[in-house]
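Here is the structure we will look at, set down as structure tokens.
The values are calculated or read from the model by the stated rules, or taken from the named source; none is laboratory data. Everything numeric here is computed off the predicted structure, so don't read it as measured data. We place every Cβ from the backbone using ideal geometry, glycine too, and count neighbours over all the protein chains shown. Heavy atoms of the whole protein, side chains included, go into the accessibility calculation; ligands, DNA and RNA do not. Shrake-Rupley method; radii C 1.70, N 1.55, O 1.52, S 1.80 Å.
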Amino acid sequence: MPNTKTVVPYSGTPEQEAQLKAVIAEYKDVPGGTMPVMQQAQEIFGYLPEEVQIMIAEGMGIPLEEVYGISTFYSLYNLNPKGQYKITVCLGTACYVKGYQAILDKIVARLGCPVGSISKDGKYSVDATRCVGACGLAPVMMVNDDVYGRMTPDQVDDVLAKYK
Amino acid sequence: MNFVRAHVLVCTGTGCSSAGAEGIISAFEDQLKKNGLDEEVRVVKTGCLGLCAKGPNVVVYPEGVYYNYVSAEDVPEIVEEHLLKGRPVTRLIHGDAEDASKATNLTDTAFYKDQVRIALRNCGVINPEDIDEYIAYDGYAALAKVLTEMTPQQVIDEIKASGLKGRGGAGFPTGLKWQFAANSPGPVKYACCNADEGDPGAFMDRSVLEGDPHSVLEAMTIAGYAIGATEGYIYVRAEYPIAVERLKKALEQSHEYGFLGKNIFGTDFSFDIGIRLGSGAFVCGEETALMVSIEGKRGEPRCRPPYPAVKGLFGKPTILNNVETYANVCWIINHGAEAYAALGTEGSKGTKVFALGGKINNTGLVEIPMGTPLRQIIEEIGGGVPNGKKFKAVQTGGPSGACIPASQIDVPIDYENLTRIGAMMGSGGMIVLDEDDCMVDIAKFFLQFTVDESCGKCSPCRIGIKRMYDILDRITAGKGTLEDLDTLEELAAHIKGNALCGLGQTAPNPVLSTLKNFKDEYVAHVVEKRCPAGSCKALLNYTIDPAKCKGCSACSRVCPADAISGVVRSPFVIDQSKCIKCGSCMEKCKFGAISKG
């Protein structure tokens, strides 16, 4: 799914907006401060809808086009929210030759949401990610920040069962 | 201070952490307290010990006993038997040495005994979150020596004399790079570190940052002094949260101790380092793209020249070295360029860290002198290919690299030899492939990666690589022609010659090297419509050998597509038009009657 358009309406709170304003104030005069602001904005809101991008552009005094350009260039910026449990499967070479495809297929089949999408209840999102550098444990999947290594398709259910 | 008679080192690298290192640490702390040993035995969190495959790893000193696959349940036994009674728990001891009884010490194991750890010298030895431990292992001694006894030019000369080359991929001489930046005039310069380790299959930079962050900060400060910079940035992947965390902690500590900031060691040299997080773009590992990214823009590469040493970050002279390169610098200053240059080969000095992965028993990190034959890395240190399979090739250098076939296994690994056989050092990822891996498919995998990661600025890369990918896709689907193979070579030559940056220029390498070394596999796909490794699904056919089939019906029951039919106790048959080639029937058959090909 191309990561170019926000489909989930903005629902930021005044607290979140105040947080973002504080971050912008901190980085406004720092050379190259746009990316740190966007990274923290994504932490605050969970994703970068148009409204947030406008706040960043106006706050940093740069064109919105530039913010949108950055957010679609780098794969870590999401224009749409991720699930409460962010499931990622490593696409590195070591994981590839050790058979990540079977792991990914099983996850997609279990959750019914294709790669790059979020489940209907907003609980799970499934993504393929770049090498996480845990090649010694290939194949590897992650749920939020928890790493699961030496995966077999049979273990997928056990892992998913921990995140209800 | 209490007398500590034993240390328990628990690896907290990414591998061992995810395998449960935290639980082991708390179990040790509980058990030690329970046995009244908490005053005399200390538990230390260390960085990566290297043998990720067998984690969680624990080493108990003073003996250096090396335990593998430790679980929290094993901890009471280790505490009671080993730490209380002095009897190592043999069932958990790493057992790859020829004589298992002797392999109680880490350095005796086949995995470690041929390694020379310079860049990884402190990984798995010290607590990366404690600056005092780093100092106890000569930490910041090199910086003190440089600032108080050496001129910037002497530092550059020392690095030049060591023969150190950039460990990030291109292998440019580090001293020369520093010289260019030092020669560039101007009051503002930058000494930066490339920690955007994006090559899939490489994780040495991650391990250094997680296991020994201070060594990178110290080396960056030395580089700053050498070229006349007062500021530096370290650009690290956001995908490496533990590394970022430890770097931040290390920065705080070295400020506190006065190793960073104003007037370091009471001299008039000041230097500071900022952290910038990458945001998931492989191209940002390219030096000009990385700098554009630090400037807060889309990470698209710029034309070179001007080179960064003349016009780099924010338009100022800049040096950019990768993590592993920096990790060698302090050792060179402390031990002298000669000691470093004594290791390795004529053109490639020192050591190199390799990340062994894929179809190999000892997956993990190894550091060996340049010139070590590939055979020794695979068969001795790596412990060979698992499950009795045949070694086929090793892929080095990630998406920019090449496949070294089994026939070249005796080649000594250094920059020159790898270039000679059409491969490249790259960042040091080594993915071992066995007989089940299809080389066309591997080439396709890497092109898929570069297609996704191409920034799109120049057309040879954006369009050319996509066309190459389309051709490979056709070939693996059994729709390729012999003419396609020529087109691949032609496209590759154009892309290599015309792409703007290193990503595009090297992207055709995986295809070219597999075409050169495994042409018969390409031909088999195209002419015979057959995948010799049995990996390309579209070209596979599962068949039942009527002579071996007992008619048990197990296969037909497991088949998800109802493609297998027959009468019990007589041979079954697979309907090829219905078969989805999932392989379930073959796994289920107890009589070995089903084969693929």
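Pop out the carbon and sulfur fraction of the accessible area of region A:14-73 as a percent, whole number, probe 1.4 Å. Don't skip to the answer; put the middle values down first.
Details: 1500 of 2860 Å².
After summing per-atom areas, the C and S share lands at 52 percent.
Could you list log10 I(q)/I(0) for the protein assembly as shown at q = 0.05, 0.09, 0.10 Å⁻¹, which the Debye formula gives when each Cα is one point scatterer?
Listed by q, the Debye log ratios stand at -0.26, -0.88, -1.10.
For region A:85-161, what % of the accessible area comes from carbon and sulfur atoms, probe 1.4 Å?
Details: 1500 of 2980 Å².
Carbon and sulfur together cover 50 percent of it.
Per residue of region A:20-36, what does 6.51 cos²θ - 1.76 cosθ + 1.60 with θ = phi - 60° give for ³J(HN,Hα)? Whole Hz please, x for Gly and Pro, Karplus curve as stated.
Coupling constants for region A:20-36: 4, 4, 5, 5, 4, 4, 5, 9, 3, 9, 7, x, x, x, 4, 5, x Hz.
Treat each spin label as a single point 7 Å out from the Cα along the C-beta direction, and report the residue A:28 to residue B:183 distance in nm.
With each label placed 7 Å out from Cα toward Cβ, I get 4.4 nm.
Using only DSSP helix segments of four residues or longer, with each worth -39500 (n - 2.57), what per-residue ellipticity at 222 nm results for the protein assembly as shown after dividing by its residue count and rounding to 500?
-10000 deg cm²/dmol
Determine the share of region B:6-109's accessible area contributed by carbon and sulfur atoms, expressed in whole percent, with a 1.4 angstrom probe. Can you show the working numbers first?
On the way: 2020 of 4210 Å².
The C+S portion of the solvent-accessible surface of region B:6-109 is 48 percent.
To make sure I understand the rule: partners must be aspartates and glutamates, Cα under 12 Å from the Cα of residue B:578, and not fewer than 8 residues away in the same chain. Which ones qualify?
Reachable aspartates and glutamates: B:562.
State, to one decimal in nm, how far the label point of residue B:77 lies from the label point of residue B:29, with both points 7 Å from Cα in the Cβ direction.
So the two model labels end up 2.5 nm from each other.
List the aspartates and glutamates whose Cα sits under 17 Å from the Cα of residue B:548, skipping any in the same chain fewer than 8 residues away.
B:587
What percentages make up the Cα-Cα pair-distance distribution of region B:439-528 when the bins are 10 Å wide from 0?
19, 55, 23, 3
Toward the positive end of the charge dipole of region A:1-110, about the Cα centre and with charges on Cβ (Lys, Arg +1; Asp, Glu -1), which of A:94, A:54, A:27 goes farthest?
Of A:94, A:54, A:27, it is A:94.
With unit charges on the beta carbon (Lys/Arg positive, Asp/Glu negative), name the residue among B:552, B:372, B:418 whose Cα is farthest towards the positive pole of the charge dipole of chain B.
The listed residue farthest towards the positive side: B:552.
List the relative contact order of chain A as a percent without decimals, with contacts defined as Cα pairs under 8 Å and 6+ residues apart. Intermediate values should be presented prior to the final figure.
Working: 224 pairs, mean separation 32.6, N = 164.
Contact order relative to length: 20 percent.
Pop out the Kirkwood hydrodynamic radius of region A:85-161 from its pairwise C-alpha distances, inverse of mean 1/r, in Å to one decimal. Let's see the in-between values first.
On the way: mean 1/r = 0.0831 Å⁻¹.
Computed over region A:85-161, the radius equals 12.0 Å.
Among the listed pairs B:113/B:392; B:262/B:297; A:5/A:82; B:160/B:352, give every one whose C-alpha distance is greater than 20 Å. Display every interim value, and only then the final one.
Working: B:113/B:392 25 Å; B:262/B:297 30 Å; A:5/A:82 14 Å; B:160/B:352 17 Å.
With Cα atoms farther than 20 Å apart: B:113/B:392; B:262/B:297.
Buried by at least 20 Å² relative to the chain on its own: which residues of region B:191-237 qualify, computing accessible area with a 1.4 Å probe on protein heavy atoms?
B:200, B:201, B:203, B:206, B:237
Within chain B, what's the longest stretch lacking GluC sites (Glu not before Pro) that sit in DSSP loops with no more than 12 other Cβ atoms inside 10 Å? List each step's numbers first, then the result.
Working: sites that count: B:39, B:98, B:346.
The answer is B:347-597.
In region B:408-443, what residues drop by 40 Å² or more of accessible area when the other protein chains are put back, versus the chain on its own? Use 1.4 Å, and skip ligands and nucleic acids.
B:431
Please name the residues of region A:116-134 whose accessible area, counted over protein heavy atoms with a 1.4 angstrom probe, falls by no less than 40 Å² between the chain alone and the full protein assembly.
A:130, A:131, A:132, A:133
For chains A and B, what's the summed buried accessible area, probe 1.4 Å, to the nearest 100 square angstrom? Don't skip to the answer; put the middle values down first.
Details: alone 9380 and 24230 Å², together 30300 Å².
Answer for the A-B pair: about 3300 Å² buried.
Which residues make up the longest stretch of chain B clear of trypsin sites (Lys or Arg not before Pro) that lie in a DSSP loop with no more than 12 other Cβ atoms within 10 Å, not counting the sites? Walk me through the intermediate numbers first.
Numbers: sites that count: B:85, B:102, B:262, B:390, B:569, B:578, B:590.
Longest stretch, sites excluded: B:391-568.
Give me the count of lysine pairs in region B:439-528 whose alpha carbons sit under 17 angstrom apart, restricted to pairs 8 or more positions apart or on different chains.
9
What are the ³J(HN,Hα) values, in whole Hz, obtained from phi via the Karplus relation 6.51 cos²θ - 1.76 cosθ + 1.60 with θ = phi - 60°, for each residue of region B:323-330 in sequence order, with x given for Gly and Pro?
4, 5, 4, 4, 5, 8, 4, 5
Excluding residues fewer than 8 places away in the same chain, name every one of the lysines whose C-alpha is closer than 22 Å to that of residue B:33.
Partners within reach: B:45, B:85.
Which semi-axes, in whole Å and largest first, does the equivalent ellipsoid of region B:6-109 have when worked out from the alpha carbon gyration tensor as the square roots of 5 times its eigenvalues?
Details: eigenvalues 76, 56, 24 Å².
The three semi-axes for region B:6-109 are 19, 17, 11 Å.
How many Å² of accessible area per residue for the protein assembly as shown, probe 1.4 Å? Each step should come with its number before you reach the end.
On the way: 30300 Å² over 761 residues.
Heavy-atom SASA per residue in the protein assembly as shown reads 40 Å².
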